[in-house]
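Notes to accompany the following structure.
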Amino acid sequence: MKQRIAVLGSTGSVGANTLDVIARHPDRFEVFALSAATQVDLMLQQCARFRPQFAVMAEEGPGRELARKAGAEGLATRVLWGPAALAEAASHEHVDTVMAAIVGAAGLASCLAAARAGKRLLLANKEALVVGGDLFLSALKQGGAKLLPIDSEHSAIFQSLPEDPSTWDARVEKIILTASGGPFRGRDPATLREVTPDEACAHPNWVMGRKISVDSATMMNKALEVIEARYLFGLPPQRLEVVIHPQSVIHSMVQYRDTSVVAQLGTPDMRVPIAYGLAWPDRVASGAAALDFHALADMSFESLDSRGHRERFPGLALAWDCLRAPPGTTAVLNAANEVGVSAFLERRIRFDQIHHVNVATLDAVPASKPQSLDDLLALDARSREAAGRVMARWAT
């Protein structure tokens, strides 16, 4: 029987790559539902190709436009819109697997819905864990869902860990996440105030959306990944480490108690972890090029304490600070960062001010452990308001 898949965030880079892998295996996978924010024409193309039962747009305007265009083309896809429709698609009884690829906190509610419905959940939205934390883990346990990480780093760690999670604490010394260093790895920190959005989005190895590209340039993406790894794998923060690996060939590593290191290697192509998640525990062709070890350049590694990286990427340390702070603090950091990155992309603040937005918001918003989705959304809203006030003071 084919695996029926809901791809949430199908018009983004992870969503598009997911559909590419699905299309390579029509005997194994079929698309049951797609979702997007505002890209009506691209969603229409995806509906015409994959013929899903449902297509969900984030808001009514794009939803009605898609419904009109889909009707004109004779498509049988049912078009819905809004958060409730998104949660319905994620938890639908006919869905086997949910690819959670909506960027930011906007994807949290649908992730929780899929978790509570016991779906096989492929998590490309790191914010579900960064914001949801223990509440999200409780939803997974409550629903009996299977969580498979899709971020290249967390997929690499998952592939490198023992199969039995109950042995991880005893057998594993530490988890080592690799970071490329982004486009500014060698740049003079004093010049970062001059960075433009286009420069920040020009990643040397990966093709990604603009928000995550900026996070890679500040290395806030790695801070969020450290937080995600804490919740995914259960090791304490002091056993999580980051090393800069510019070539992006080793995607992450696990060091065992006997000092052996197990790593996952591959080309920097998101279709590799996507194919692994879709087919797990099997392996299927991803469409990515294989590593050519004869042509592979030397692999290098840099400590965060070398070459001015701590000064260049001050936001990375916030991961450990937030994990030591009261529950809910990681949600505050995520909200502040989303606001700061958005303002930078709109050229309302400088690149180097994103970190100052994050720090000032963490200082301004007292965190408390969220007990429900409403608590999380309220904390997220308070944090965004505080981040906005920080930037408003700069404008006066």
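The values are calculated or read from the model by the stated rules, or taken from the named source; none is laboratory data. Treat the numbers as computed from the prediction; the structure is a model and nothing was measured. Glycine gets a Cβ as well: all are built from the backbone with ideal geometry, and neighbour counts include every protein chain shown. To get the accessible areas, we keep the full protein, side chains included, count just its heavy atoms, and leave off ligands, DNA and RNA. Shrake-Rupley method; radii C 1.70, N 1.55, O 1.52, S 1.80 Å.
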Over the Cα atoms of the range 289-396, each weighted equally, I'd like the Debye log10 I(q)/I(0) at q = 0.13 Å⁻¹, rounded to two decimals. -0.59
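Run the helix sum for the chain: -39,500 (n - 2.57) per DSSP H stretch of 4+ residues, divided by residue count, reported at 222 nm to the nearest 500 deg cm²/dmol. Let's see the in-between values first.
On the way: 17 runs with 182 residues, N = 396.
Per the formula, -14000 deg cm²/dmol.
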Within a Cβ distance under 13 Å of Ala229, other residues only, what is the Lys/Arg minus Asp/Glu net charge? 0
What does the net charge come to around Val172 if you take all other residues with beta carbon closer than 9 Å to its beta carbon, with K and R at +1 and D and E at -1? +2
Just to be sure I follow: if Rg is taken over the C-alpha atoms of the chain and Rh is the Kirkwood radius over the same atoms, what is Rg/Rh? 0.95
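Carbon and sulfur together cover what percent of the accessible area of the range 1-148 at a 1.4 Å probe radius? It would help to have the intermediate numbers written out before the result.
On the way: 2870 of 5990 Å².
Answer for the range 1-148: carbon and sulfur cover 48 percent of the accessible area.
Using +1 on the beta carbon of Lys and Arg, -1 on that of Asp and Glu, and nothing else charged, what's the dipole of the chain about the Cα centre, debye to 20?
So the magnitude is around 440 debye.
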Stokes-Einstein D in µm²/s, Kirkwood radius over Cα pairs - the range 12-101 at 10 °C with 1.306 mPa s viscosity: 121
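Given 0.36 nm per residue, what is the gain on full extension from Gln3 to Ala392 after removing their alpha carbon distance, in nm? If you can, show how the numbers build up before the last one.
Numbers: separation 389, 0.36 × 389 = 140.04 nm, distance 4.87 nm.
Extending this stretch completely gives an extra 135.2 nm.
Do you know the relative contact order of the range 207-354, to the nearest whole percent, from alpha carbon pairs under 8 angstrom that are 6+ apart? Display every interim value, and only then the final one.
On the way: 122 pairs, mean separation 39.2, N = 148.
After rounding, I find 26 percent.
So how strong a dipole does the range 1-150 carry about its Cα centre when Lys and Arg Cβ are +1 and Asp and Glu Cβ are -1, to the nearest 20 debye?
On the way: 16 positive and 13 negative charges, 76 e Å.
Roughly 360 debye, rounded to the nearest 20.
Using a Förster radius of 45 Å, what is the FRET efficiency between Asp282 and Glu346 based on their Cβ-Cβ separation? Nearest 0.05, please.
Numbers: r = 44 Å, r/R0 = 0.97.
Calculated value: 0.55.
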For the chain, set up a GNM with springs between Cα atoms under 10 Å and report which of Ala190, Ala217, Ala76 has the largest fluctuation. Ala190
Placing +1 on the Cβ of each Lys and Arg and -1 on the Cβ of each Asp and Glu in the range 280-396, which of Val390, Val339, Thr329 has its Cα farthest towards the positive end of the resulting dipole? Val390
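Based on the Cα gyration tensor of the range 175-222, what are the three equivalent ellipsoid semi-axes, each the root of five times an eigenvalue, rounded to whole Å and given largest first? Walk me through the numbers before you get to the answer.
Working: eigenvalues 59, 37, 15 Å².
One finds semi-axes of 17, 14, 9 Å for the range 175-222.
Using the heavy atoms of the protein chains alone and a 1.4 angstrom probe, what is the accessible area of the range 1-126 per residue in square angstrom? Kindly include the intermediate steps, with their values, before the conclusion.
Numbers: 5180 Å² over 126 residues.
For the range 1-126, the solvent-accessible area averages 41 Å² per residue.
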Give the distance, in whole Å, between the Cα centre of the range 130-149 and the Cα centre of the range 337-396. 25
Using a Förster distance of 22 Å, how high is the FRET efficiency between Glu59 and Leu373, based on the Cβ-Cβ distance and rounded to 0.05? 0.65
In whole angstrom, how far apart do the alpha carbon centroids of the range 1-38 and the range 178-224 sit? 28
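With an 8 Å Cα cut-off and a minimum separation of 6 or more residues, compute the relative contact order for the chain in percent. Don't jump to the answer; show the numbers that get you there.
On the way: 739 pairs, mean separation 56.0, N = 396.
Relative contact order of the chain: 14 percent.
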Selection from Ala364, Gly287, Phe158 lying farthest towards where the dipole of the chain points positive, charges on Cβ: Ala364
